[in-house]
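Shown next, in structure tokens, is the structure this report addresses.
The values are calculated or read from the model by the stated rules, or taken from the named source; none is laboratory data. For clarity, every value in this text was computed on a predicted model and none was experimentally measured. Every residue, glycine as well, gets a Cβ built from its backbone with ideal geometry; the counts of neighbours run over all protein chains shown. Just so you know, the surface numbers come from the protein's heavy atoms only, side chains and all, with ligands and any DNA or RNA stripped out. Shrake-Rupley method; radii C 1.70, N 1.55, O 1.52, S 1.80 Å.
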Amino acid sequence: MIEDNKSVSEMMGMFFQKEKWDASFAYDGNEAVDMFNASPNDWDMITLDLNLPGKDGMEVAKEIRKVSKTVPIIMLTARDTESDQVLGLEFGADDYVTKPFSPITLIARMKAIHRRDENMAEKLSESKNVNATVEEAEDGFDINTGFFKLNSSTREAYLNDKEIPDLTPKEFDLLKTLASKPKQVFSREQLLELVWDYDYFGEERTVDAHIKKLRQKIEKVGPQVIETVWGVGYKFDDTTARAEA
């Protein structure tokens, strides 16, 4: 936990202890980066305050992502604006929790992300021990419409043969979920449950912020394939890509 408020750290330390989790604490950005770089493989998850002395939370996330693309980061922020949330996601956070927060809510978010990562690791392990199936074609792509391709093993996605760049783990999972059922509309609540494994603990703005960043990356290589269905949610539709190909 990277948090300059020692009262918050002490409170969460008690909750972590109750869960029987080993936890370490850093109280400024420089200390946090030094701790992570000293043993980057020791951390299963990071909670990161946005407002820190030394390096701020955005810079810390950027430094961590230079070393590890996969360690989950939950940003803790008192800034309750979409632009700050999107910026946090852009710098590598997987999710955010707005202060003041309930310790029980934060614990639930952490468990959900960890459970999601365990399930992903299990699926990747299983895929290495089986032959190619209908779901995983011989070319390695789980999803292949001819215009959009996605490979779960390499965590790569292509639109009109151009790789969609710099997808974070959550952006990739979100894109895969939508693309697995083209033109089906997913509500924000469904996406929270499917991608973040949240039930009532989730915030719908988490989905909107990730969609916004995902769209920006898609548009670097081709037409937009994620559509908003107003009042309902989002869907994947590569009809435009087909028309342009």
Query raised in the report: If a residue has to be farther than 16 Å from THR70 by Cβ and open to solvent by less than 10 Å² (accessible area, probe 1.4 Å) to count, how many in segment 146-173 make the cut?
Result: 5
Query raised in the report: Conditions: (1) outside any loop (DSSP other than H, G, I, E, B); (2) surrounded by fewer than 18 Cβ atoms within 10 Å (Cβ to Cβ); (3) of a type in the set (Ser, Thr, Tyr). THR47 meets all but one. Number of the miss?
Result: (2)
Query - Filter result for the condition that a residue is at pLDDT 90 or above, open to solvent by less than 20 Å² (accessible area, probe 1.4 Å) and outside any strand (DSSP E or B), over ILE74, ILE64 - result: ILE64
Query - segment 77-93 - residue that is open to solvent by less than 10 Å² (accessible area, probe 1.4 Å) and either in a loop (DSSP other than H, G, I, E, B) or more than 20 Å from GLU204 (Cβ to Cβ) (or both) and, of those, modelled with the lowest pLDDT - result: GLY92
Query raised in the report: Of the conditions (1) over 17 Å from ALA78 (Cβ atoms); (2) open to solvent by less than 70 Å² (accessible area, probe 1.4 Å), SER9 fails just one. Which one is it?
Result: (1)
Report task. Sort out for me the strands (runs of 3 or more DSSP E) sitting completely within segment 147-245 that have 2 or more residues that are at pLDDT 90 or above and among the aromatic types (Phe, Trp, Tyr). Result -> 233-236
Report task. Find the residue count for segment 12-44, including only residues that are acidic (Asp, Glu) and open to solvent by 80 Å² or more (accessible area, probe 1.4 Å). Result -> 4
